[in-house]
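Student: The structure's right below; bear with me while I get my questions together.
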Amino acid sequence: MSDSGAILGIDINPRSTVLSIYKSNMDEPTTVSTVLGEENYSIPTVLAKRNGMGQWFFGDEAITKNRTKEAILVDDLYNLAIRNEQVFIDGENYQARDLLVIFFNKLFSIPGPMAAMGEVEKLVICVEQVNLEVMELMNYASGKLGIDSKKVMLIDRNECFYFYALSGKPELFLYSVALFDYSGSNMISVVMNRNQSTRPQLITLDVVNHGDITENKDEMFDEIIADTFGSKLFSSVYLVGDGFDGDWMKLSLSRLCKGRKVFLGKNLYSKGACYAGYIKEGKRDWPFIFIGDNDLKLNLSIKILDNNVMKFFTLIDAGQSWYDAKGECEVILDGEPEIEFYVQRPESREAHTDVLELTDIPKRENRTTRLRIEARPISDIAVSIIITDLGFGEISPASGKSWEHTITLKGE
């Protein structure tokens with residue numbers, strides 16, 4: 001990491017946003033508080049516009065200004081932006097995604113650590129679920145903020161937990177590690193297991209959604225802890241989410257704390273996002289591997305003849321984040337007007353083939369058709385293929401024709 005650059009980790013959801021910063025001179029990421037000197041980390045994901053003026057407020061201040069009738073609140077900002085909707089406010093129409101850009105700008109101009117941040121080396125955004133809509137929104141927002149899309153990384157909460165838990169002291173992950181996320185009224189447990197006999201060590205996460213818990217919280221949580229732990233050994237437990245606010249944990253806390261470290265906080269995901277950016281940039285030795293929900297579950301390749309040697313050319317590699325990966329190559333068609341793709345799971349030696357026929361391609365002499373093949377994943381198990389006819393210089397002008405096809409893992 002350059003001395004001037006910083007990794008920003010943002011944990012954003014429809015209710016709240018938390019921002020952490022990590023620089024090379026820090027032992028661990030620091031979380032930005034809206035009130036200097038206080039641990040006021042959780043910022044409501046809302047904006048408000050002052051009546052009759054182009055002045056915007058965000059977070060708690062937006063809620064206060066709306067309460068005193070000084071400003072009009074946009075409260076479902078995140079979901080509106082994901083759906084790319086328009087917001088009619090104070091007599092004017094706004095694109096919700098542009099309002100989210102205003103929110104981010106406000107976030108990045110909080111006094112304190114942000115002032116000394118320097119340039120953004122990596123912006124890592126943690127969301128509940130990574131999908132195409134979220135990816136498009138964050139690419140749009142980062143572009144408007146002047147941050148190169150190559151510096152932007154999307155990650156989900158489970159992966160943030162994985163990076164956070166394994167960036168701590170080794171004694172904290174000697175045995176299994178548990179996370180309980182009680183955001184709103186919904187309780188989720190995540191158990192992290194480590195296979196120490198593999199190199200790198202394979203990490204797996206067991207995720208269980210326990211549904212809404214609104215009554216008898218202490219007793220219900222105590223049961224969930226007993227079910228989750230069973231007879232396994234746990235080194236540490238992390239509690240996140242506003243559901244843990246208040247002084248209701250009595251029975252459950254005594255079970256939790258028996259022989260293990262327990263941590264309660266609001267900034268685990270944003271700090272985990274910082275660690276993810278640092279580690280994925282290759283800044284530290286990382287002897288672990290985790291194939292998450294957003295990592296590609298397939299290898300995709302084509303056979304090519306290179307200097308009279310038949311070889312496989314890989315377009316897409318398993319294990320990459322599907323929203324980051326893309327593959328491209330140019331080939332000269334030899335023989336039939338079709339391209340054969342080889343699809344393989346990373347753990348299997350078997351590959352299945354998927355043939356795309358190039359219907360209505362202009363008839364030309366053999367080896368006088370150049371094609372561009374572009375592969376872009378649309379999920380962890382599906383890749384969109386676009387093949388474009390580039391012609392062959394002056395001999396065969398490009399027809400401009402293109403063929404689209406989606407390749408999916410068999411048996412899914």
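The values are calculated or read from the model by the stated rules, or taken from the named source; none is laboratory data. Quick caveat: nothing in here was measured; it's all calculated off a predicted structure. Backbone-built Cβ (ideal geometry, glycine too); neighbour counts: all protein chains shown. Quick note on the areas: whole protein, heavy atoms, side chains included, nothing else; ligands and nucleic acids left out. Shrake-Rupley method; radii C 1.70, N 1.55, O 1.52, S 1.80 Å.
Student: Within the set LYS144/LYS280; LYS217/LYS261; LYS150/LYS283; LYS280/LYS410; LYS150/LYS297, which residue pairs have Cα atoms separated by over 27 Å?
Tutor: Too far apart for the 27 Å limit: LYS280/LYS410.
Student: At a probe size of 1.4 Å, how large is the accessible area of THR34, to the nearest 10 Å²?
Tutor: Here the accessible area works out near 60 Å².
Student: So, one more: Report the antiparallel proportion of the DSSP beta bridges in the chain as a percent, rounded to a multiple of 5.
Tutor: Just about 75 percent of them are antiparallel.
Student: Shape verdict for region 122-276, please, from the Cα gyration tensor: rounded (a/c under 1.5), prolate (a/b greater than b/c) or oblate.
Tutor: Oblate, since a/c reaches 1.5 and b/c is not below a/b.
Student: Quick one: with all protein chains in place, what share of the accessible area of the chain is carbon or sulfur, to the nearest percent (1.4 Å probe)?
Tutor: The computed percentage sits at 47.
Student: Any chance you could check the Cα centroid distance between region 24-43 and region 48-106 for me, in angstrom?
Tutor: Result: 25 Å between the Cα centres.
Student: Here is a further query. For region 367-412, give the magnitude of the charge dipole about the Cα centre (Cβ charges: +1 Lys/Arg, -1 Asp/Glu; no others), in debye to the nearest 20.
Tutor: Charge dipole of region 367-412: 160 debye, to the nearest 20.
Student: List the lysines whose Cα sits under 25 Å from the Cα of LYS363, skipping any in the same chain fewer than 8 residues away.
Tutor: Filter leaves LYS303, LYS401.
Student: Assuming a ≥ b ≥ c are the square roots of the Cα gyration tensor eigenvalues, decide whether region 1-42 counts as rounded (a/c under 1.5), prolate (otherwise, with a/b larger than b/c) or oblate.
Tutor: Oblate, because a/c is 1.5 or more while a/b does not exceed b/c.
Student: Shifting gears a bit: Pick from MET187, MET310, MET249 the residue whose mean-square fluctuation is largest in a GNM of the chain, springs joining Cα atoms under 10 Å.
Tutor: Looking only at MET187, MET310, MET249, the biggest GNM fluctuation is shown by MET310.
Student: I would also like to ask the following. Using each residue's phi in region 316-327, evaluate 6.51 cos²θ - 1.76 cosθ + 1.60 at θ = phi - 60° and report the 3J(HN,Hα) Karplus result to the nearest Hz, with x for Gly and Pro.
Tutor: 9, 9, 5, x, 6, 5, 4, 7, 9, 7, 7, x
Student: Which residue fluctuates the most in the chain, going by a Gaussian network model with Cα springs under 10 Å, if the choices are VAL309, VAL130, VAL32?
Tutor: VAL309
Student: For the chain, what D do you get in µm² per second when you plug the Kirkwood radius from alpha-carbon pairs into Stokes-Einstein at 37 °C and 0.692 mPa s?
Tutor: Translational diffusion coefficient: 136 µm²/s.
Student: For the chain, give the magnitude of the charge dipole about the Cα centre (Cβ charges: +1 Lys/Arg, -1 Asp/Glu; no others), in debye to the nearest 20.
Tutor: 860 debye
Student: A 25 angstrom limit on the alpha carbon distance is what I want to check against. Which of LYS49/LYS266; LYS23/LYS49; LYS169/LYS258 exceed it?
Tutor: LYS49/LYS266; LYS23/LYS49
Student: In Å², what does the accessible area per residue of the chain work out to with a 1.4 Å probe?
Tutor: 50 Å²
Student: Rounded, prolate or oblate: pick one for region 237-278, where a ≥ b ≥ c are the square roots of the eigenvalues of its C-alpha gyration tensor, a/c under 1.5 means rounded, and failing that, prolate if a/b is larger than b/c, else oblate.
Tutor: Since a/c reaches 1.5 but b/c is at least a/b, the shape of region 237-278 is classed as oblate.
Student: Ordering SER252, SER42 from largest to smallest accessible area (1.4 angstrom probe), what's the sequence?
Tutor: Descending order: SER42, SER252.
Student: Calculate, in nm to one decimal, what CYS329 and HIS405 gain on full extension: separation in residues at 0.36 nm each, minus their alpha carbon distance.
Tutor: Stretched fully, the CYS329-HIS405 segment lengthens by 25.8 nm.
Student: Let me ask something else about it. Running a GNM on the chain with Cα contacts under 10 Å, which residue among GLU219, GLU394, GLU330 ends up with the highest mean-square fluctuation?
Tutor: Looking only at GLU219, GLU394, GLU330, the biggest GNM fluctuation is shown by GLU394.
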